[in-house]
Amino acid sequence: METVCLIGKPNVGKSSIFNRLIKEKKAIILDTPGVTRDRIYGKVTYQNKTFSLIDTGGILLGNDDFDKDIIAQAELAIDEADIILFIVDGLGDIDAADLHIRDLLHRSKKPVIVVVNKIDNEERKNNIYNFYELGFETVLPVSAEHNLGFKELLNLITTDMEEKTLDEDDSLKFCLVGRPNVGKSSLINALLNEERTIVSSVAGTTRDAVDTKFKYNGKDYTVIDTAGMRKKGKVYENIERYSLIRSLKAIDRSDVCVIIIDASTGIIEHDKHIAQYCLEAGKALVIAVNKWDTVKNPDMEIKKWKLLIKNEFQFLPYVNVAFLSAKTKKRINTLMPLVITAYENWQKEIKTSVLNDIIMEAVSLHEPPSYKGKRLKIYFVRETANKPPKITFQVNNKNLVHFSYKRYLENKIRENVDLMGTPIILQFKNKNDD
C-alpha cells in the first residue's frame, strides 16, 4: 500500500484536508490517544484503490533555520511517503517557510502535488498561478472548508496506483507490538526455534518491520516484528510519531495483534494505548506477558496478574492472556493456540437463526428501556461482515439504542457464541433504510 504525506507550514489547512479525505471516503481512522492529540494516520479508499495517509505538524521557521526536531519530522515524513501533498495557503504569498519546504521536497525527488487550499471561488483561482514559482509541475486548487477539488485531488493521487487485489497469501499473519525492550524480537526467535522450520525472512513493507514465514503444526504462518512503540517524549516527539506510524502499518497488515507486556516492569498507560491502536484497526488480539521468568512465585502471581489485566484492560474483556518467557522458552507453547483461536473467531460466520434466537431471548429477559414514551424494537439480526464480525440489527429507530443496552446485547452474543480474541461491531439500521 502506498503512502501519501501532507506537509506544509502551520495554519494552511493540512488537518482539515486530512479530515476531509478521511471523512469523504469513509476510511478507517487510527487515532493515537494519549500519545498525540493529532490524528496522524489513516487509510483512504477511492475507486478500489487504497493508500495510507499521514498528517504532519506544521513546519515553522525559527531563527532563520528549522528547529532540529522539526527537520527530523519533515525528513522522516518525506522518507516514508510515496507521494507528497505540499499544502499552501491560497490567500497568502509564498514566504521563507514555503521556500524551505520547497527545497526539502526538491532534494527528496519524490512526486509532489502542490495543493493550494482556501480556493473557494473563480476569482481566487487566479491565485494558484503564483505557486508554480515553487517549481513543481502539478498545482491543484481545493477548499477544505467547502469540500471543493477533492475528487480531482484523489484522481491525481491514485492515477498510477494499482487497484486492490485479494492477497494471494491467505495464511494467518500476526504482529508483535509493544513498548521497546519488552522482548518482541526475542519472543519471535523463541517461537521460530521452537518450530525449527523457518521458511523465509524478508523485509516487510515498512523499514522497521520484518515478515518471517514459518510452519506450525504443518500450516503456514507469518509473524511480523515491529519497532518498539514509544510514548510521547519532549525532545523526540516528532521522530517517535513516525516510529509509531511504521508500527501502525504493520498492525494494518496483520490479522492478529499480540500485545507484549513486560512482567518485570508491570503495566503502564502506554500499554493500553498500544492495545487501543490494535482495537481501532479492528484486529483480533492476544495479550502476552513476557519475562515471566523474572516473577517470583509465578503460580501465586498469575492470579494477581489476571485480575490486574482485567482491571487495566477493561475495554478488552474478551482477550486471552499468555504468560511466558522468551528467554527460558517456558510456556512459549501457550501462545500460538491463542493466536489461532483469536484468528478463527475474528473471521467466524454466525448463522442468522442463531443470532436471532440469542437476541429474542435477550430482549425477553431484559426489555429495552423506553425514552420519551418510545421503546426500541428489534425486528431482525444478521452478520453482515467478518474480520471482525459485524452484526447488523434492523430496528424501528436506531436513535433509541442506549449504549448500556448495546453493551448488554454484545454480552449476550458473547455468552452464546465463542468470540474470544476478537472485537465485534454492532450496527443498528432503521427498518425502512436501504
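FYI, it's all coordinate maths here, none of it is from the lab. All of these numbers come straight from a predicted model, not from anything done at the bench. When we count neighbours, we look across all protein chains shown, and the Cβ atoms used for this are built from the backbone with ideal geometry, even at glycine.
Details
- With R₀ set to 60 Å, the beta-carbon distance separating Thr328 from His146 gives a calculated FRET efficiency near 0.45.
- Relative contact order of the stretch 262-359, pairs being alpha-carbon contacts under 8 Å that are 6 or more residues apart, as %: 31
- Cut-off under 5 Å, modelled amide H: who pairs with Val182 long-range: none
- Full-stretch length increase - Arg107, Thr294 - with 0.36 nm per residue and alpha-carbon distance subtracted: 62.4 nm
- For the stretch 84-154 versus the stretch 363-409, the gap between their alpha-carbon centres in whole angstrom: 47
- Amide H to amide H, with H built 1.01 Å from N, Phe393 comes under 5 Å of Gln427, Phe428, Lys429, counting only residues 5 or more places away or on other chains.
- Extending 7 Å from Cα along the Cβ direction at Lys429 and again at His402 yields two label points whose distance is 2.7 nm.
- For the pair Ser364 and Glu349, label points projected 7 Å from Cα toward Cβ lie 2.8 nm apart.
- A cut-off of 5 Å between modelled amide H atoms, ignoring neighbours fewer than 5 places along the same chain, links Leu172 with Thr222.
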